[in-house]
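Reviewing the structure listed below.
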Amino acid sequence: MKKSLSITDKVAVPIIVVISILVPIVVLVLMNLPERYNILGIQAGAYPLFHAVLNGSTAILLAIGYYFMRIKDYKKHRNVMITAFILSAVFLVSYVLSKISNEPAHYGGDFKYVYYFILITHIVLSAIILPLVLFTMYRGLSAEYTKHAKIARWTFPIWSYVAVTGVLVYLFMYPYY
C-alpha cells in the first residue's frame, strides 16, 4: 500500500504545486486586463453579494466540518469539507469572472486602516490557502490521516479567516458597489 501512495504522490504533488502556482498568476493577469469583458452580462453589484454568500457559507461549513471531526463523525466531516471546497472553487471562478467583467470598486470609508489590514491579509492568505486546502484534501481522501491532521491544523484557521474576512470585505465595500 505504501508503494501505491508513493506513486500517487508522484502524480498528485506536482499537480497540486502547479495548480497552486498557476491559479494566482492567472487571477492576477485576468484582473489586470486593460479592458473589461462582461461575458455573462451580469451587473457589477450582483457579484459581491454572491461572493459574500459563498464565503459566509464556506465559513459555516468549515465550522460544521470541524465539529464533525471533533465528534469523530468522519464521513460527515469529509462530505462537509468537500462541499466547502466546492463552494470555494465556485467562488474563485465567479471572482475571476467578476474581475474580468467589471471595473474595481474603491473603498471610500472612514475606517481605511482597518479595511486595508483586513483586505491585505485576506488577499495574502487567499494565495496561501489554495495549496494548503489541496494538500489537506489530498491527504484526507488518500487516507493519510496523520498527514491530513498535521496540515489541517494550519489549513482550518487560515481558510476560516479567509472566508470570514471575505464577508467583512463585502460589508466594508457594500456602499461602493
Item to complete: Of the listed pairs Lys10/Lys99; Lys72/Lys147; Lys76/Lys150, which have alpha-carbon separations greater than 23 Å here?
Response: Lys10/Lys99
Worksheet entry | Anisotropy class of the stretch 115-177 from Cα gyration tensor, a/c 1.5 cut | prolate
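By how many nm would the segment from Ile158 to Leu22 grow when fully extended, if each residue of separation counts as 0.36 nm and the alpha-carbon distance is taken off? Let's see the in-between values first.
Details: separation 136, 0.36 × 136 = 48.96 nm, distance 2.03 nm.
The Ile158-Leu22 span can extend by a further 46.9 nm.
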Practice prompt. Classify the chain as rounded, prolate or oblate from the Cα gyration tensor: take a ≥ b ≥ c as the square roots of its eigenvalues, call it rounded if a/c is under 1.5, otherwise prolate when a/b beats b/c and oblate if not.
Written response: prolate
Worksheet entry | Charge dipole (debye, nearest 20) of the stretch 2-176; +1 at Cβ of Lys and Arg, -1 at Cβ of Asp and Glu | 920 debye
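How much length is gained if the chain between Ala105 and Val124 is pulled fully straight, taking 0.36 nm per residue apart and subtracting their Cα-Cα distance, in nm to one decimal?
Computed gain between Ala105 and Val124 is 4.9 nm.
How would the stretch 1-92 be classified by its alpha-carbon gyration tensor: rounded, prolate or oblate, with rounded meaning a/c under 1.5 and the a/b versus b/c comparison settling the rest?
Numbers: a/c = 3.75, a/b = 1.33, b/c = 2.82.
It is oblate, given that a/c is not under 1.5 and a/b is not larger than b/c.
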Discussion item. Tell me the relative contact order for the chain as a rounded percent, counting alpha carbon contacts under 8 Å between residues six or more apart.
Written reply: 32 percent
Item to complete: Mind giving me the nanometre distance, one decimal, between the label points for Val11 and Ile82, set 7 Å out from Cα along Cα→Cβ?
Response: 1.8 nm
Worksheet entry | Pair Tyr67, Val90: separation of 7 Å Cα→Cβ label points (nm) | 2.0 nm
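Taken together, the values in this text are just the output of simple stated rules run on the coordinates, not laboratory data. These numbers were taken from a predicted model, which means no experiment stands behind them. Because the Cβ atoms are built from the backbone with ideal geometry, glycine has one as well, and the counts that use them run over all protein chains shown.
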